[in-house]
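Scroll down for the structure; my scribbles are underneath it.
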Amino acid sequence: MSESHSKKSLCVVCDNDIRYEQAQAFAGDYLLPLLNAKTPDYELQLIFGNERIELYDSSLNTSIYVDFVHGTLAHRQQFGGGRGQAIAKAVGLKQGKNPIVLDITAGLARDAYILATLGCPLTLVEKSPILSKLIEDGIARGLEDEHSTEILAEHFELHNQDAIDFMKKLEKGQRPDTIYFDPMYPERKKSALVKKEMQILQHLLGKDENSGELLETALNYAKDRVVVKRPLHAPFLLDKKPATSINSKKTRFDIYLTHRLEG
Ligand SMILES: C[S@@+](CC[C@H](N)C(=O)[O-])C[C@H]1O[C@@H](n2cnc3c(N)ncnc32)[C@H](O)[C@@H]1O
């Protein structure tokens, strides 16, 4: 497995018949040990449970998983401020315009789902096979729910791939209006729970080392703009000044316009 956490240990856990074959296939594909119960011996454990797939961190005693139906995302779908919220304005959502968005750092697919609920067709690219598996499982459960089924079925397409390779293979006619980019940022200060989630992601992925190349590539492939999500007071990525920025309470969206570059 190519995750950069190679010093950390990772295993697959499955204690039920329903998902055993799926767990076995994943463990086989990535040459990971398959256990039938959680263990303190491994730091990260991809658990194929009865209800969902989750990534458990034994040193933090916390799991992450993708859930479009309950919790924060469902709440945000209902009460999140609609097309007037900062992320919507940043990607170029306007009256009568729903830009086609490529999210090149899907993660737990939260930002992508918010944009999809607002009407943007979304393509998600995530290089980590583990996170892609969590998203895939979240999509499968979300397709069973009346509030998320249409959005996920029609506006959500996931690719487990390196986004630089993905973008470089796009034909001119396949280019998205907006490329959305949320690189890992180590000093994010958030609530205790989110902080733990960030820690799990950092254990899994290590440092994000290709942000600069991702931004440079994205600038060549977005028809209209590239949006980079940053903590409010973080420096610009690559020290590159955006055309404009839109702030929310804790986050800044730096907007790089590309339509002028298109010619
Ligand atoms: C901060 S997280 C994104 C969180 C996401 N915006 C969300 O709402 O859940 C950054 C993600 O980018 C992914 N990533 C980093 N470099 C990548 C690349 N070259 N191609 C695809 N994904 C990449 C990491 O694996 C990580 O999951």
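Assorted remarks:
- Filtered residues of region 205-257 (kept if among the polar types (S, T, N, Q) and free of Cβ contacts under 8 Å to residues at least 60 places away in the same chain): ASN210, SER211, THR217, ASN220, THR244, SER245
- Matching residues, region 84-98, being crowded, with 21+ Cβ neighbours inside 10 Å and more than 16 Å from the ligand (Cβ to nearest atom): LEU93
- In this entry, ILE139 passes the filter for residues that are within 14 Å of the chain's Cα centre (by Cα), open to solvent by 10 Å² or more (accessible area, probe 1.4 Å) and within 29 Å of ASN61 (Cβ to Cβ).
- Residues in region 8-24 that are in a helix (DSSP H, G or I) and surrounded by 14 or more Cβ atoms within 10 Å (Cβ to Cβ): TYR20, GLN22, ALA23, GLN24.
- Note on region 245-259: among residues that are closer than 13 Å to ILE87 by Cα and not hydrophobic (A, V, I, L, M, F, W, C), the one that is least open to solvent (accessible area, probe 1.4 Å) is ASP254.
- Looking only at residues of region 203-261 that are among the aliphatic types (A, V, I, L, M), assigned to a loop (DSSP other than H, G, I, E, B) and more than 19 Å from the chain's Cα centre (by Cα), we find that the one that is nearest to PRO99 (Cα to Cα) is ALA243.
- Residue satisfying all of: in region 118-131; in a helix (DSSP H, G or I) and buried (at least 20 other Cβ atoms within 10 Å of the Cβ); nearest to the ligand (Cβ to nearest atom) among these: LEU131
- Checked against the criterion of being on the phi > 0 side of the Ramachandran plot and either assigned by TED's automatic domain parsing to the domain that holds ASN50 or in contact (Cβ under 8 Å) with a residue 24 or more places away in the chain (or both), the candidates ALA109, ALA116 yield just one match: ALA109.
The values are calculated or read from the model by the stated rules, or taken from the named source; none is laboratory data. Remember, predicted model here, so these are calculated numbers, not experimental data. Neighbour counts run over all protein chains shown; Cβ positions are idealised from the backbone, glycine included. The protein model used for the area step is the full one, side chains on, heavy atoms only, and it has no ligands, DNA or RNA in it. Shrake-Rupley method; radii C 1.70, N 1.55, O 1.52, S 1.80 Å.
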